Structure formats: structure tokens, C-alpha cells
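Note sheet for the following structure.
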There are 2 protein chains.
Amino acid sequence: MTTLTESLAEIAQRTRQAAQGLAPQTAAAKNAALEAMAQALEAAAPDILAANQRDCALAQEQGIPSALFARLKLSQTKLEAAIAGVRSVAALPDPVGTVQLHRQLDQGLVLKRISAPLGVLGVIFEARPDAVMQIASLAIKSGNGVILKGGQEATHSCRALVSAIHQGLGATEISPEVVALLTSREETRALLGMDQAVNLIIPRGSNSFVRFIQENTRIPVLGHADGICHLYVDAAADLEKAIPITVDSKTQYPAACNAIETLLVHAAIAAQVLPQIHEALQKAGVVLKGDAATQAIIPVESATEEDWSTEYSDLILAVRVVDSLEAAIAHINTYGSGHTDAIVTEDRAAATQFMNQVDAAGVFHNCSTRFADGFRYGFGAEVGISTQRLPPRGPVGLEGIVTYKYQLEGQGQIVASYSGENAKAFLHQDLPIS
Amino acid sequence: MTTLTESLAEIAQRTRQAAQGLAPQTAAAKNAALEAMAQALEAAAPDILAANQRDCALAQEQGIPSALFARLKLSQTKLEAAIAGVRSVAALPDPVGTVQLHRQLDQGLVLKRISAPLGVLGVIFEARPDAVMQIASLAIKSGNGVILKGGQEATHSCRALVSAIHQGLGATEISPEVVALLTSREETRALLGMDQAVNLIIPRGSNSFVRFIQENTRIPVLGHADGICHLYVDAAADLEKAIPITVDSKTQYPAACNAIETLLVHAAIAAQVLPQIHEALQKAGVVLKGDAATQAIIPVESATEEDWSTEYSDLILAVRVVDSLEAAIAHINTYGSGHTDAIVTEDRAAATQFMNQVDAAGVFHNCSTRFADGFRYGFGAEVGISTQRLPPRGPVGLEGIVTYKYQLEGQGQIVASYSGENAKAFLHQDLPIS
């Protein structure tokens, strides 16, 4: 274990040094490196697909679950899409070097706050070898080094991909050492303990996997374990909107974290709307569970207390009838995971109250919860969705993997001049952001 | 312990509920509450000072260190200054409700990112009863509930202060329950474990105290344990600037976290500048320690490896001669705490390289490190200074104790319309921020 930790420490040290060389690179240099990476991946496609076939054959021998196998399997199409993704990251604006604040503190004493890379990212993912390409390109674009730890089952694929990435970077101004790959399970634990060397952990995988990571590291974690999203159909809902939004929020991609798990319906409209929702959802293959008031209207299984806290990630929906908007908000703030919650109503005041009082990263009015997504928000890339309270919260684009630093330019100023008797006053005058 | 945790859980629950009522309050209502608080504190001044005298008498009996005693002692002047501070927080712009992003995703589908309170702050401080007033006003202004835990030695003072605050709030639209006070030491531990109820911990105290908090909670902590700041005098330094900046950075307030602990001097200028710096610092009562190259020029004690990582918080300064700008940057990135580091040089390229490559919240050119401060940056109030990489980093104003939420307003839109064949395209058009 000591040897392992030491060798990992060396890897981390090399990645950090390479990242320090990457940080000041221009957007043009970083984009050229991404293009070289894309071309090297294209050239290595036969090797990558062969390595992936080896992983898939081993996985089948070991009988891994079919959902995991589907994520592991890399087809020519999937590979091409991932390479196109590398080029689309190159096309995004550079998140580094943006002036966020520009202020004259006094004559000739000028403060700037400028976005800067975080340092080194630790990215741990299950299966999904295509994540290697996406994450390596996001890291390079944001000026960060990255230590990748893929799932055991994807070892050959990850090695082939990182080898091609290293080859591509080799001919550019960016050191290949900005991207490091770990392959053994023990290294995951060791990585989680490197809070001096790794600045942010990004887990990609199941809820239980993310929760394990969150509970076993002191490094900040970007991600979410739970996605318990709600749709509330208010007394003043337009059913022409409520029914398609319910169906879309539940079924458009039920395994997604932004799909709803619980439907809340106002008592005044329940008898009218529940049979229609029941019918529409049954057509879509959704099994409903309901509280007593729901069961009095539609023939469904009973929902228990546990259902309100369950993320089904499947075609199952819990339904509860509530007596008021306040009761709906209280239910959401009690059982929700702070991801995304929506109201359907024509009552503007009710919508405002809901959006102010529901404590979630996303509060939606008259649209599907499935819009909670970095691409749909126009961020170009999505690094993850965070349900933590502190920013970055909600869908996170490249801006979530950079930080900022304050640069103060003076002409010899000292603080003593601004203190005590005859203290000079500060100007604190904001300057244009160029 | 179970009873304690339970009662604390009840307090946290009440604070959270009160905070939910505070969150949607207007700036006017919050400012009126702050004014009422200031008036109640003025009216209760005799009680507060009497309570503080009781604490001071007990503290003297127990022989607490004089520095701690000085922080505990509340004079009429100190109380008046703190009450003026409450009113100055009222005068700051409201950090809640700011539109940070306004984007049309498609016709009639409009996204806004709006700043919002975090929820409940847990603030733990040593001695300093005046912190109660500052923190309670920052919490109310930012729409957050706050659970305060003062030092044992300030119990009577804190009770008298919070009692006055509660009385002041009693006559306003803000519930007095937004401010809660804990007084027993065991409650600190319990508070650190309440990661469901408390959203941010703000410790105020010594480095070891902050480190203890950081190492014993999973709740995000706003603050810093170390302030190991550097000043680098480059080969191209103007000595007319270098000497006063060195003196100011070290002596203007040596106990502050933004005072320098290590001076780095380029070898090419060392023989010229070190004697002058030595003389100026000796006049100011500073004891120097130096590496061998420094000792060859000025008669000082020898500095060891340990000195490079020591925050003296006192009139002591370690000095090292470096052969290059790169060596100075490497020293800072190895031993620094990422707080604030400065360069003195007339060489623009050297300054740019230093500011790009030094990894710290503040990188300064030709000015004192003592400028690293929320008030001097023009933030109006300083909640703390963070040396973590992720934002908020550096001096943190009110914006560091709020988060944001995404509000999406639709007219019945569903994601299915934007998927698959015949998918509608998103507009992603930024709208003016009003």
C-alpha cells in the first residue's frame, strides 16, 4: 500500500507539474491540442475498438449486468460521436482568463479577478470508456490536469484511448502528462486520500457509487447522488400542459436524474386530472403508486412513506394528493434532493411562490423537468449536475472546473497610507471589463 | 449526548424554518430589521457591558492569555463600532435576487439564474463577542439563518447580545428565530455533524482552531487555517518600492493572515537590497532569519526548512536568496498556503509570469500583501478569506454566503419536442439582465 500510494503520489506530482505548464497556454494552443487528440483517436480507432472487444468478451464471460455492458461497448458510431465531442469542446469559449471584476482601488492600484484553472481533477467512472475522451478534452480546455480512473472492466479500452490521446498530444505544445490513467481498484481509495494533490473529484456512475465517493474523501466532489424530482399539478393547472409535461418528465428518459419520481396533485383538481394522467402514463408503460386519496380516484398500488424518498430511475411514479400549494412545497422540501422540481399552473402568484420557496437547484414553471441539463441550458458541455447548495449548483459547464484569482497591480502602494490619522480613502471605482 | 443532539436538532430545525421565512423578504424588510437590531443593541448597551464585565472577571480569575482577554473585552467604543457595523451592513446592496444569467432557450422558454440564500450558517468563534453582531447582520442581509456558537469565556456577553438582537427583531417582519445561540462546548461537536441542517460553517479564531473545524466536519467550511504569504524582490526591483512594501507587508499588522512570513530576494540584487531591508526592519523591531546566502550578506539567525512553512504571526521574517524568478515561484508554490504573494519588479514580463504561475488567491505586483482584504477590495463586508481552490476564494464578501438557483419559465414545453428526428433546435439567446 505504501508503494502504491507513493507511485500514485509521483503520478499526481507529474500531472500537477504538467498542469502548471498547461495553465498559461493560449486558447489556440489548447484547441490545436484537442484537434491533434481527435486526429490521433481517429487514426487509432481500429486499436481502440479491438481493445474494447477484448474488454467486452471478458465482461461477458464474467456475466456483467446488461446495462453495464451497454455502457462498456464501444461501436464505431459511438467512437465517432465521442471524437466529434472532442472537437465540439475545442469550439467552446475558453473558460480561463476571463476578467470577472475590474476595479480601481485607488489611483494606480487596480484589482482584477480572473478565471484560472483549478489544478488537477480526479475523475472516477464506471464502465463507459467514451467518458475518457470527453473528460480529457474538458480538462485540457479548462487548463487542468486530470487523473482518470476507469472501471476495471474497461481497462483495455481506457489504455488504448489514453495511449492515442498521449500520442496526439505528443506533437503539440501541451504535455501528454496532463492526462494520467489509473487502472487498479486500490488506486481509487488512494486517489480519494490525496487532498493535497487533487483539487476536485468528479465521479461518473450510479447513485451508490457517487455516494461512496462523497463519503470517502475530503476533496470537493462535483456531482449528485440523488435525483428525486417532483412535478406539482396545481389547482389552477392547464391540463393541456399538465398531461404532456407529466408524461415527458417521467418517460422521456426514465433513468436520467432529472426524471420525476413523485407527482403531487392539488386535491381540487385530482378527481379531474388523475384519471387522464393515469391513462396517459399507462400507455407509456408507467406503473403508478399512490397515497389513499389517489387510490380513492384511480386503481393503483399503495405508496408508502419510503416511496417519497425513492429514486426509481424506472417507469414507476409515486402519486400524492395535497391540499394546498404550501403542502406541495413542504413535501418537496422534505423529501426532495434539491435537484429539479416543477409546477404546472396558470396562477402566476402560485408559480412565483413555488419558485421562491422550493429549495432546489432548478425550479420550473409549465415545462418538463427534463430540461435540467447543461446542453439544454446552452452551456455547450456538461461536467455534471450538482445538488450541493454552494455553487456550482445545478448543471455545471466548463465554468464549474475553473476557479479565479485576484491580481492587484500597484505602483508601490502600502496599507499604512490608508490607515490611522490622515488615512487616504479608497476610490473603489469599477472599470470596464474588456 | 442523544438528548443534546436532539435538542440541537430542534434548534436547527427552528432556525431552518425561520430562514425559509426570511429568504423571500425584501431588501427593505431586511434593512428595517437591521436598524431595529441596532437600536435594541444601543438600548441594551448597559446590560451588554455588565455581562461582558462578568465574563472578563471570570476570565481573569482563570488567567486566560492576554491576547484572548483583549478580544473578549467589550468597551463602549468597541460596542458602538460594532453597532455602526450593523448599520453599514444594512447599507450594502442586497446579495439575494440578483439575476446572473438570463437566456431564452427557445420561444417562450426562458431561463434565469438568480442568487438565493444558502439556508443556515453555523458560525463558531473564539472569545470576540463583537462577532455576534457582525455575523447576525451579515446572515440577515444574505437571507440566511445562523446558529452561533461563541467561546465558553464569552457566554454572558453572547447571551446579552443575542437577547438584544431577539428583542430588536421581535418588532419586525423577520422572526427572531433566524438567530440561534449555542453555549456549551459539546454543542460544537454536535453542530459539526449536522450536515443535513447546516449549509456552511464559518470558523473565527486561531489557525489551530480553524484546522480543528476543517478536520472534523463534512459541511463546507469558509475560512483558512494558514496565511503563509511571500514577498519576492526581483532582480529588476525598484528599491524605493521594495523597502516600504517589505516593511508594510511585515509590520503594518503582523498578526494578520495577509502579513508576509518569508521574503525572497533575487541573488543579483541581494547584496544591495538586503542591508537596507535589514536596517529598515530592525527599526521596526523585526527579527530576521536567513538561509546561508542571506547570512553571507547580513548578520541574522539561520533559517531552517521548517521556517519556510511557519506562520509566525509575529515580528519575525524568514529570508531566502533565490537564483531566478522561476526559483521564487517554485518556492512559493511549494511552501505557500495559496493566500497572497507579491512581486516587486519593474520588469513587466517578470510580473506577468509571476502573476500567472503563482498559485494563490491573490497575486500582487508592486504593492503590499496587506491589501488582501474584503474592505480594501471594496466588498463592503468581509465574511472571511478562503484559501481553498474552489470559489469563493480569497477575501469573501456577502456573495460568498449566497448560492443561486435556476428558474425556468415555460408555456408547456416538453423535451421530447427537442429530441430525435424532427427535433426542434434551441435558440440559446442571451437576454438583457435587468
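Points to keep in mind about this one:
- When only Cα pairs below 8 angstrom with a gap of at least 6 residues are kept, the stretch B:185-319 shows a relative contact order of 21 percent.
- Ellipsoid semi-axes in whole angstrom, largest first, where each is sqrt(5λ) of the Cα gyration tensor of the protein assembly as shown: 47, 38, 23
- The HN-Hα couplings worked out from phi for the stretch B:31-46 by the Karplus form 6.51 cos²θ - 1.76 cosθ + 1.60 (θ = phi - 60°) are 5, 5, 5, 5, 5, 4, 5, 4, 5, 5, 5, 4, 5, 8, 3, x Hz, whole numbers, x standing for Gly and Pro.
- Rg to Rh, two decimals, where the stretch A:43-179 supplies the alpha carbon set and Rh follows Kirkwood: 1.13
- Label point 7 Å beyond Cα of A:E215 along Cβ direction - residues of the stretch A:111-129 with amide nitrogen under 19 Å: A:124-126
- Chain A residue with Cβ closest to the axis mapping A onto B, distance in whole Å: A:P391, 3
- In this structure, the residue pairs whose Cα-Cα separation is over 27 Å, taken from B:K73/B:K241; B:K141/B:K405; A:K250/B:K112, are B:K73/B:K241.
- Where N is the number of residues in the stretch A:325-434, Cα Rg divided by 2.2 N^0.38 Å: 1.67
- Placing a label point 7 Å from the Cα of B:R185 along the Cα-to-Cβ line, the residues of the stretch B:207-236 whose backbone N sits under 20 Å from it are B:207-217.
- Copies compared at B:S313 - label distances in nm, ascending, label defined 7 Å from Cα in the Cβ direction: 4.7
- Cα centre as origin, Lys/Arg/Asp/Glu Cβ charges: chain A dipole, Debye: 1100
- Placing a label point 7 Å from Cα along the Cα-to-Cβ direction at B:S184 gives distances to the equivalent points in the other copies of 4.9 nm, listed shortest first.
- Taking each DSSP H run with n ≥ 4 as -39500 (n - 2.57) and averaging over every residue of the protein assembly as shown yields -13000 deg cm²/dmol at 222 nm.
- Relative contact order of chain B, pairs being alpha-carbon contacts under 8 Å that are 6 or more residues apart, as %: 18
- Just so you know, the Cα atoms of chain B work out to an Rg and Dmax of 25.2, 81 Å.
- Bridge orientation summary for the protein assembly as shown: considering DSSP beta bridges with both residues in this region, about 30 percent are antiparallel.
- Put simply, the convex hull of the Cα atoms in the stretch B:280-360 casts, on average, a shadow of 5.9 nm².
- When the Cα gyration tensor is reduced to axis lengths a ≥ b ≥ c, the ratio a/c stays below 1.5 for the stretch A:239-331, which is therefore classed as rounded.
- Other-copy label distances relative to B:E240, 7 angstrom Cα-Cβ extension, nm: 7.7
- Taking a straight line from the alpha carbon of B:K30, these aspartates and glutamates sit under 12 Å away, with near neighbours fewer than eight places off in the same chain left out: B:D94, B:E173.
- Neighbouring partner chain Cβ atoms per residue of A:371-382, average, 10 Å criterion: 4
- Compared with the dominant principal axis of the Cα atoms in chain B, helix B:348-357 is inclined by about 50°.
- Cα shape, the stretch B:147-208, gyration tensor, a/c 1.5 rule: oblate
- Taking 7 Å steps out from each Cα toward its Cβ at A:L58 and A:E326 produces label points 6.0 nm apart.
- Cα centroids of the stretch A:191-249 and the stretch A:40-111: 20 Å apart.
- Here's the picture: charge each Lys and Arg Cβ at +1 and each Asp and Glu Cβ at -1 in chain B, and of B:L317, B:P46, B:S66 the one pushed furthest to the positive end of that dipole is B:P46.
- Within chain A, antiparallel bridges make up roughly 35 percent of the DSSP beta bridges whose residues both belong there.
- Maximal additional length on extending the A:V287-A:Q196 stretch stands at 28.0 nm, based on 0.36 nm per residue less the C-alpha distance.
- Accessible carbon and sulfur surface of the stretch A:274-352 relative to its total accessible area, %, 1.4 Å: 49
- Rounded if a/c under 1.5, otherwise prolate or oblate - the stretch A:264-309, Cα gyration tensor axes: oblate
- FRET efficiency estimate (nearest 0.05) - Cβ-Cβ, A:K424 to B:A256, R0 30 angstrom: 0.95
- Mean accessible surface per residue for the protein assembly as shown, computed with a 1.4 Å probe while every protein chain stays in place, in Å²: 38
- Solvent-accessible surface, computed for protein heavy atoms with a probe of 1.4 Å, shrinks by 50 Å² or more for the following residues of the stretch A:324-369 when the other protein chains are added to the isolated chain: A:M355.
- Computed with a 1.4 Å probe on the full set of protein chains, the accessible area for A:L200 sits at about 10 Å².
- The alpha carbons of the stretch B:21-89 stretch over 47, 22, 20 Å along the principal axes, in descending order.
- Kirkwood Rh (inverse of mean 1/r, distinct Cα pairs), the stretch A:92-154, angstrom: 14.0
The values are calculated or read from the model by the stated rules, or taken from the named source; none is laboratory data. Predicted model only: the values in this text are computed from it and were never measured. Using ideal geometry, Cβ is built from the backbone for each residue, glycine included, and neighbour counts are taken over all protein chains shown. Remember, those area values only see protein heavy atoms, side chains included, never the ligands or the DNA or RNA. Shrake-Rupley method; radii C 1.70, N 1.55, O 1.52, S 1.80 Å.
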